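Everything below concerns the one structure shown next.
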């Protein structure tokens with residue numbers, strides 16, 4: 001009786017639907033008692049181990065048994081496991097994330113695609129030669145870990161064992177720190193200098209042109225250009241307002257066929273077109289720096305993104321604003337017509353809010369349009385001006401503007417930085433030019449200039465104007481389609497008036513890299529860590545502007561940390577603080 005009592009001291013399992021009995025002196029096996037779901041009679045099953053007894057109980061009750069499934073289902077191949085992982089996560093990823101993982105898989109892991117996961121040894125990954133950075137190599141590790149996590153019930157080993165077998169190139173000293181180093185953030189002189197240089201290439205700077213300078217209408221060259229610009233310090237300081245040298249790859253012209261007539265007129269028209277292109281490059285740079293937008297977000301901007309929600313009042317105010325002639329039009333001899341005027345209020349009611357809900361990215365085949373990174377739609381907050389080259393303090397933009405007004409004895413028509421109830425965006429064209437002349441690059445003036453160009457191109461049709469890209473291709477899309485792919489359920493307009501999306505990689509290769517390198521030579525401002533990309537020593541890139549925006553807004557206390565974090569689309573304020581803690585003013589720690 002005592003022996004039977006000990007054996008019958010069972011443990012409820014599977015939610016109380018069965019009872020497990022441990023081996024006893026009389027019965028050397030594990031036993032499970034349960035009610036058969038079909039006959040409703042009591043059944044007793046036995047097994048040599050606890051795991052086997054549990055598996056038998058699950059099978060008898062009709063439960064799915066992962067271990068049994070693994071024994072009866074063939075192990076998937078590496079490619080099948082990878083595809084399963086992608087499919088399971090597509091609904092929470094941006095459209096371009098699976099494409100990026102697929103590209104890395106095809107590049108580095110394709111050789112294992114058709115091999116079952118059970119036939120792969122960790123040592124097989126040790127022989128992979130990764131001709132990439134340590135950060136990119138870690139992403140290969142992420143893919144491998146995901147594959148073997150997905151199939152762990154077949155191979156029964158730790159996924160980390162497979163992932164860690166991939167050797168990272170270099171040493172730990174090459175790892176990028178979590179905090180963005182100061183040497184990787186461009187200075188104010190470089191940030192402003194790029195805009196000045198772009199707006200001086202093939203054209204006179206509207207606010208900072210040099211006395212006696214003029215543009216050759218055919219070549220686009222400056223009269224005051226000097227070859228000693230890189231050797232004479234005084235000349236170098238003026239060089240930013242003389243544009244890029246005409247032999248720079250970014251400004252080289254197309255050949256002119258011999259059968260063309262009126263070559264001079266064609267060259268003059270080409271100069272005007274290239275000047276507009278350089279203004280667009282300068283504006284794209286400005287938006288990246290003044291609002292912290294990623295490069296794909298900048299080149300996906302449409303007019304309505306700047307004025308969301310679009311209302312009837314918005315259209316009326318914008319209609320009035322675009323009748324103000326651009327400064328470069330006046331420099332080119334344009335005479336205002338009808339309701340147009342040389343001076344007036346710039347973008348009335350606009351306070352720098354930009355709706356960021358689209359991005360364009362390069363991919364194999366068509367360009368991909370998708371939501372921003374991590375599907376984080378947001379409202380970006382642009383600065384009214386770029387922080388000037390001459391200011392190294394932690395003052396706010398309003399304090400800097402007041403100081404500039406006093407130092408240069410400036411008088412304004414509408415701009416009033418001393419009145420805290422008036423936004424810093426309230427200004428006329430003449431006010432903006434005065435501010436730009438003393439080093440405060442005005443965001444609204446450059447945006448207004450581009451909007452007026454688009455307004456005239458749209459033939460003053462509001463519906464067309466609203467959906468136009470700020471930075472489209474020069475020519476319309478070909479008849480086979482725009483070469484762009486959208487997600488299946490895309491809530492925004494797909495019609496692209498006048499051209500199509502530009503490839504951000506092509507823009508960087510064709511224009512931006514050369515412009516950035518030239519300004520770096522003039523300002524002697526280069527990132528501390530520089531690698532090589534092909535035959536080019538890499539300098540600052542568009543993402544450097546995002547670093548500048550985050551660090552500058554924190555340093556100058558432009559907004560609170562949570563506001564800045566939301567505006568740039570970070571996961572949380574803690575991430576922003578970790579990345580840019582080096583930008584915080586020293587006096588915050590009692591060391592000032």
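The criterion of at least 3 residues that are closer than 25 Å to residue 361 by Cβ and without any contact (Cβ under 8 Å) to a residue 12 or more places away in the chain is met by the following helices (runs of 4 or more DSSP H) wholly inside segment 87-158: 96-108.
Out of 132, 189, one residue alone is surrounded by fewer than 18 Cβ atoms within 10 Å (Cβ to Cβ) and within 33 Å of the chain's Cα centre (by Cα). It is 132.
Scanning segment 243-259 for residues that are closer than 12 Å to residue 221 by Cβ and not in a loop (DSSP other than H, G, I, E, B) returns a single hit, 251. Exactly one residue out of 300, 290, 321 is closer than 21 Å to residue 386 by Cα and surrounded by 15 or more Cβ atoms within 10 Å (Cβ to Cβ): that is 290. Taken over segment 9-26, residues that are out of contact with any strand residue (DSSP E or B) (no Cβ under 7 Å at 6 or more places or on another chain) and exposed (fewer than 15 other Cβ atoms within 10 Å of the Cβ) amount to 5. Here residue 364 fulfils each of the conditions (1) under 19 Å from the mean Cα position of the chain (by Cα); (2) more than 24 Å from residue 473 (Cα to Cα) apart from (2). Return yes or no: is residue 200 over 31 Å from the mean Cα position of the chain (by Cα) and at pLDDT 85 or above? So residue 200 does not fit the description; no.
If only residues of segment 309-328 that are out of contact with any helix residue (DSSP H, G or I) (no Cβ under 9 Å at 6 or more places or on another chain) and outside any helix (DSSP H, G or I) are counted, the one that is farthest from residue 361 (Cα to Cα) is 311.
Every residue, every condition in (1) within 58 Å of the chain's Cα centre (by Cα); (2) outside any strand (DSSP E or B); (3) at pLDDT 90 or above, yes or no:
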| position | (1), (2), (3) |
| --- | --- |
| 26 | no, yes, no |
| 37 | yes, yes, no |
| 52 | yes, yes, no |
| 55 | yes, yes, no |
| 59 | yes, yes, no |
| 64 | yes, yes, no |
| 67 | yes, yes, no |
| 75 | yes, yes, no |
| 81 | yes, yes, yes |
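The values are calculated or read from the model by the stated rules, or taken from the named source; none is laboratory data. Owing to the predicted nature of the structure, the values given are computational and were not obtained by experimental measurement. We place every Cβ from the backbone using ideal geometry, glycine too, and count neighbours over all the protein chains shown.
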